[in-house]
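Q: Pasting a structure below so you can have a look.
The values are calculated or read from the model by the stated rules, or taken from the named source; none is laboratory data. Since this is a predicted model, take the numbers as computed values, not measurements. Please note: Cβ atoms are built from the backbone with ideal geometry, for glycine as well, and neighbour counts cover all protein chains shown.
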Amino acid sequence: MTRSWTIQQAFFQSSGSGSMGNKPAELPVSIEYAVLKDAAAGAPVPSHGETSPGIDRSDDRFKDLPRDATIKEYKIPVAPANYQSQVVETLRGAVASMPEPVGHNGPRYMGPSSLNEASIRQMVQSFKNGQLLPMKDAYKLAIDAFDILVKEKTLGRINVPVGKKVTVVGDLHGQLFDFDHMLSLAGFPSADNQFLFNGDFVDRGPWSVEVMFTILAFKVWQPNGVGMNRGNHEAEMANHFYGFFGELEVKYEKRMTDLFAEIFRATPLCHVINNEIFVVHGGIPGPDPRVWWKGMDNQISFDGRQLQISLSEIENSNRFMEPNPDENPLMVDLLWSDPKGKDGYGPSGRMSSGIYLFGPDVSKNFMEYNGLRMTLRSHEVKAQGYRYDHEGQYPLITVFSAPNYVDKAGNMASVAVLTNDGTKMAGPEFVQYSAQPHPDVPSGAYAVGGPLHPENQPAR
Ligand SMILES: [Mn+2]
């Protein structure tokens with residue numbers, strides 16, 4: 001089996017707006033997507049017109065489809081009873097025999113009990129001053145975080161006691177100076193204020209390593225008070241192209257990228273807060289079966305799901321893999337999809353044939369079926385840092401936490417705060433903020449083609 005990368009690039013081309021006046025984000029930046037294919041070298045492009053076994057193409061539902069439409073079963077892989085990582089097991093021994101960082105005068109990680117609010121504040125301050133955890137400590141912290149995440153469920157549960165709150169953080173994308181500013185406004189994770197990081201911690205911003213180690217320090221400090229959802233950028237393919245792996249290689253070593261790939265495969269895909277609020281990076285389950293054909297355009301909407309997916313199906317699904325629409329359509333929907341204004345499903349411009357947009361009827365049906373009353377998601381830049389994409393009784397809200405995204409979007413950022421008022425999770429209230437000054441390292445510096453990518457650096 002040869003693993004080949006293919007990458008495609010699309011520009012945000014938006015015209016018009018949805019029935020609720022929803023407008024796609026207007027951005028001077030491109031959105032990119034890539035498809036990781038497991039295929040023999042030279043294998044033909046998947047043919048259109050395919051129908052999964054078990055699907056009756058003569059069913060009335062499909063009668064209007066063009067002949068070249070592909071109809072694929074929505075099959076959810078089941079999680080293994082326990083996941084064993086050969087990568088991590090091998091590293092444990094290697095890390096134990098790494099030299100102690102004698103003479104290192106930057107931040108240290110001396111085990112879970114060394115973490116507290118003061119030590120993490122100091123760590124972030126050191127990161128802002130250009131210091132790093134030493135190699136051995138960095139591995140230890142990352143492995144300790146892996147050991148916690150690997151035992152969690154694909155769908156996590158957060159319980160906020162009466163009078164306490166939870167802060168949901170959207171895309172951060174390695175913007176350390178903005179992240180630190182956000183913490184100064186929203187506070188640190190605590191028993192009074194749990195945190196849920198909703199994916200896209202890394203890539204593009206050139207301090208993805210420091211943002212990631214800060215989040216892992218929070219997680220190891222308070223395993224039950226800090227949640228993490230995987231985003232579409234917590235994936236090997238994305239990290240390879242958009243900077244996190246290049247940055248890890250420059251700041252540490254290439255071998256560490258394999259560990260982070262395992263950490264991301266162990267990261268839950270979504271959380272539910274107090275049985276009321278669904279939190280996921282991208283969106284909710286896509287159409288079943290998955291239908292697509294050449295020439296789909298954004299005028300098309302289809303009503304594609306007769307059976308709803310339950311929270312327990314998500315909880316028991318296998319996340320220990322890279323996002324891949326053929327093997328795990330659910331994961332791709334949760335990590336990649338976006339809301340739209342009109343009812344029904346529609347094709348997404350992010351990636352052909354595997355990613356969908358979903359309308360307000362789709363999100364309402366999912367929430368109603370599962371006894372939920374609100375969805376928070378991230379994944380799209382918004383001018384104010386948040387946006388009610390679907391309104392009404394079952395709102396779906398985007399929260400995005402990277403201000404002036406990629407140093408040029410000009411957007412504000414926000415985090416969403418929900419409080420248990422004794423009857424329900426009240427809110428969200430949004431803590432908004434704008435971009436902070438940062439050292440002169442551009443967004444994308446460590447990405448493929450960027451000035452600090454390992455291939456573009458002089459030999460050290
Ligand atoms: Mn995203």
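Q: Within the stretch 94-109, track down each residue that is outside any helix (DSSP H, G or I) and surrounded by 11 or more Cβ atoms within 10 Å (Cβ to Cβ).
A: 98, 101, 104, 106, 107, 108, 109 - these are the residues of the stretch 94-109 that are outside any helix (DSSP H, G or I) and surrounded by 11 or more Cβ atoms within 10 Å (Cβ to Cβ).
Q: Output the strands (runs of 3 or more DSSP E) that fall wholly within the stretch 133-239 and possess 3 or more residues being surrounded by fewer than 23 Cβ atoms within 10 Å (Cβ to Cβ) and touching a residue at least 60 places away in the same chain (Cβ under 8 Å), or say none.
A: By residue number, 155-158.
Q: When the stretch 154-191 is examined, which residues are found to be within 21 Å of the chain's Cα centre (by Cα), more than 15 Å from residue 399 (Cβ to Cβ) and small (Gly, Ala, Ser)?
A: Selection gives 156, 174.
Q: OK, next. Given (1) within 16 Å of the ligand (Cβ to nearest atom); (2) of a type outside the set (D, E, K, R); (3) under 22 Å from residue 167 (Cβ atoms), where does residue 227 come up short, assuming only one miss?
A: It is condition (1) that residue 227 fails.
Q: Kindly provide the set of residues from the stretch 246-257 that are of a type outside the set (Asp, Glu) and either out of contact with any Lys or Arg (no Cβ under 8 Å at 6 or more places or on another chain) or not in a helix (DSSP H, G or I) (or both), ordered by number.
A: 246, 250, 251, 252, 254, 255, 256, 257
Q: Among the residues of the stretch 175-193, is any modelled with pLDDT under 95 and either within 16 Å of the ligand (Cβ to nearest atom) or of a type outside the set (Gly, Ala, Ser) (or both)?
A: No, every residue in the stretch 175-193 fails to be modelled with pLDDT under 95 and either within 16 Å of the ligand (Cβ to nearest atom) or of a type outside the set (Gly, Ala, Ser) (or both).
Q: Let me ask something additional. Out of 394, 433, report the one residue that is surrounded by fewer than 24 Cβ atoms within 10 Å (Cβ to Cβ), touching a residue at least 12 places away in the same chain (Cβ under 8 Å) and within 19 Å of residue 283 (Cα to Cα).
A: Just a single option satisfies the conditions, and that option is 394.
Q: Can you tell me which residue among 420, 411, 456, 404 is of a type outside the set (Asp, Glu), over 19 Å from residue 174 (Cα atoms) and modelled with pLDDT of 95 or more?
A: 420
Q: Let me ask something else. Applying the selection to the stretch 357-401, what residues are in a strand (DSSP E or B) and within 16 Å of the ligand (Cβ to nearest atom)?
A: 357, 358, 375, 376, 377, 386, 387, 389, 396, 397, 398, 399
Q: Kindly list, by first and then second residue, each pair from a residue in the stretch 364-384 that is closer than 26 Å to residue 413 by Cβ and touching a residue at least 40 places away in the same chain (Cβ under 8 Å) to a residue that is part of a loop (DSSP other than H, G, I, E, B) and hydroxyl-bearing (Ser, Thr, Tyr), limited to pairs with Cβ atoms under 9 Å and residues at least 6 apart or on different chains.
A: 367/394; 372/394; 373/394; 374/394; 375/394; 377/337; 378/401; 379/337
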